[in-house]
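For reference, the structure is listed below as structure tokens.
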């Protein structure tokens, strides 16, 4: 197979070490001579396809491959990829989830409806929940999260049981 993970890492590391300059032509030529034009071009194009580098590979009309030996350049995505910590992409990729208080109340209401309680208690609890101001709802959610985290081992076991029952374990 032409794709070679070790070669890809070697290419990305070489480009990262040279960054922001182009790599030494002798270094690229040594890789070219060791693995051959077809394998080098295939791996460069693969990495370019993932946005990790600019390959410097062109294909002529007759199908021949031309690799410009000093045209390779690592992208910011490529630099982040070879970092153990994920680079700045890991920081920029943080997702913030916001739930509207009505959505939270709906989730809590559903749990109250499912609870094994007398109908009069369910109605009273639901009426109280619906009348809560936003800051009281926030406090309730914080308490529920604390309880959820305190019961995390039980949650992990429940997840495992669910996955096993659905053929994933």
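The values are calculated or read from the model by the stated rules, or taken from the named source; none is laboratory data. What you see is a predicted model, and the numbers here were worked out from it, not measured in a lab. Glycine also receives a Cβ, built like all others from the backbone with ideal geometry; neighbour counts cover every protein chain displayed.
Which one is modelled with the lowest pLDDT among residues in the stretch 15-26 that are out of contact with any helix residue (DSSP H, G or I) (no Cβ under 6 Å at 6 or more places or on another chain) and surrounded by 15 or more Cβ atoms within 10 Å (Cβ to Cβ)?
Within the stretch 15-26, the subset out of contact with any helix residue (DSSP H, G or I) (no Cβ under 6 Å at 6 or more places or on another chain) is 15, 17-22, 24-26.
Now restrict to residues that are surrounded by 15 or more Cβ atoms within 10 Å (Cβ to Cβ): 15, 18-19, 22.
Details: 15: 96, 18: 94, 19: 94, 22: 88.
Checked the stretch 15-26; the qualifying residue modelled with the lowest pLDDT is 22.
Taking the condition exposed (fewer than 13 other Cβ atoms within 10 Å of the Cβ), within 30 Å of residue 12 (Cα to Cα) and touching a residue at least 24 places away in the same chain (Cβ under 8 Å), does residue 51 pass? Please lay out each step first, then the result.
Working: exposed (fewer than 13 other Cβ atoms within 10 Å of the Cβ): yes; within 30 Å of residue 12 (Cα to Cα): yes; touching a residue at least 24 places away in the same chain (Cβ under 8 Å): yes.
Judged against the criteria, residue 51 is a match.
Going by the structure shown, is residue 89 within 18 Å of the chain's Cα centre (by Cα), surrounded by fewer than 19 Cβ atoms within 10 Å (Cβ to Cβ) and modelled with pLDDT under 90? First the steps, then the outcome.
Values: within 18 Å of the chain's Cα centre (by Cα): yes; surrounded by fewer than 19 Cβ atoms within 10 Å (Cβ to Cβ): yes; modelled with pLDDT under 90: yes.
It is true that residue 89 is within 18 Å of the chain's Cα centre (by Cα), surrounded by fewer than 19 Cβ atoms within 10 Å (Cβ to Cβ) and modelled with pLDDT under 90.
When 142, 113 are checked against the criterion of being under 32 Å from the mean Cα position of the chain (by Cα), modelled with pLDDT of 80 or more and either exposed (fewer than 12 other Cβ atoms within 10 Å of the Cβ) or part of a loop (DSSP other than H, G, I, E, B) (or both), 142 stands alone in meeting it.
Give the residue that is farthest from residue 28 (Cα to Cα), with candidates limited to residues of the stretch 53-98 that are assigned to a loop (DSSP other than H, G, I, E, B) and touching a helix residue (DSSP H, G or I) at 6+ places or on another chain (Cβ under 8 Å). Explain how you work it out, then say what you get.
Within the stretch 53-98, the subset assigned to a loop (DSSP other than H, G, I, E, B) is 55-56, 60-64, 68-72, 75, 83-86, 93-98.
From the residues that got through so far, the ones that are touching a helix residue (DSSP H, G or I) at 6+ places or on another chain (Cβ under 8 Å) too are 55-56, 69-70, 72, 86.
Values: 55: 12, 56: 11, 69: 6, 70: 8, 72: 9, 86: 26 Å.
Out of the qualifying residues, it is 86.
When residues in the stretch 145-168 are screened for being surrounded by 10 or more Cβ atoms within 10 Å (Cβ to Cβ) and touching a helix residue (DSSP H, G or I) at 6+ places or on another chain (Cβ under 9 Å), 2 of them pass. Whether a residue is in a helix (DSSP H, G or I), out of contact with any strand residue (DSSP E or B) (no Cβ under 7 Å at 6 or more places or on another chain), in contact (Cβ under 8 Å) with a residue 24 or more places away in the chain and more than 30 Å from residue 14 (Cα to Cα) was assessed, and residue 104 passes this test.
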